[in-house]
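Below is one structure, written out as C-alpha cells, with a few remarks after it.
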C-alpha cells in the first residue's frame, strides 16, 4: 500500500508541476480609431524597453514580435538594422502621446505601421532547495501606430510560465513565456 501511495504522490507532483503555466491574460486593449490591418503591411518594429534589471528582454521581445508578425501577418518588415540606424540618426522616444514623431519616423522608414513595446516585468525561473521553485513571469505592453490614424493601439498582457517536470529538465526562459504572450497581444491589436 505504501508503494502505491508514493507513486500516486509522485505522479500528482509531476502533474501539478507541469500545470503551473497560465494562458496569456490580455488587458487594457485600446484599439486605434480604424483597424490597423497588419496583413502584408510594411512594418517597422522599433526598440522595446527591457524589464528592470533585465535589459536584454527588450531586444528579445522585439525579435519575437518581428518573427511572429512575419509568420502570422505576412508583413514586409523594415530590417532592424535600418530601424536602428534611423533611430540613431533621428533619436525619438516612441510615445502614444507624440503622433507627429511617430508619423515622421514611419515616413522616414517608409513604413505603414510602427510597433514598439515595453517589458514591464520579468521574473525568471528560480529554484532553491530550501524554498518552492518560482515559475517565470512576464508582463508586457505593445503599441502600434498606422500612418493616417489619429491614435495609437495599445494592449497589455501577462503570462506565467510553467515549472520543469524535474530539476534536471531544461529551465524555462524569457522566450518560452514571452512568445505565446506576444502572439496573443499581436492578435488583440488587429
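Throughout, read-outs are computed from the coordinates displayed, never taken from laboratory work. These figures come from a predicted structure and were not determined experimentally. Every residue, glycine as well, gets a Cβ built from its backbone with ideal geometry; the counts of neighbours run over all protein chains shown.
Results, tabulated for the structure shown:
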quantity: Which label in (1) 17.2; (2) 16.7; (3) 18.0 gives the computed Kirkwood radius over Cα pairs in Å; calculated: (3)
quantity: Within segment 64-95: backbone nitrogen closer than 19 Å to the residue 21 label point (7 Å, Cα to C-beta); calculated: 64-65, 68
quantity: Within segment 20-189, percent of DSSP bridges classed antiparallel, to nearest 5; calculated: 80
quantity: Relative contact order %, segment 20-189, counting alpha carbon pairs below 8 Å whose residues are six or more apart; calculated: 32
quantity: Rounded to 10°, Cα long-axis angle of helix 80-89 versus longest principal axis of the chain; calculated: 60
quantity: 11 Å cut-off, amide nitrogen to a point 7 angstrom out along residue 127 Cα→Cβ, residues in segment 145-164; calculated: 163-164
quantity: Rounded to 10°, Cα long-axis angle of helix 56-73 versus longest principal axis of the chain; calculated: 70
quantity: Segment residue 85-residue 110, length gained on full extension (0.36 nm per residue, minus Cα span); calculated: 7.6 nm
quantity: Using alpha-carbon coordinates, inclination of helix 174-189 to the longest axis of the chain, degrees; calculated: 50
quantity: Computed lengthening from residue 59 to residue 37, 0.36 nm per intervening residue step minus Cα-Cα distance; calculated: 5.4 nm
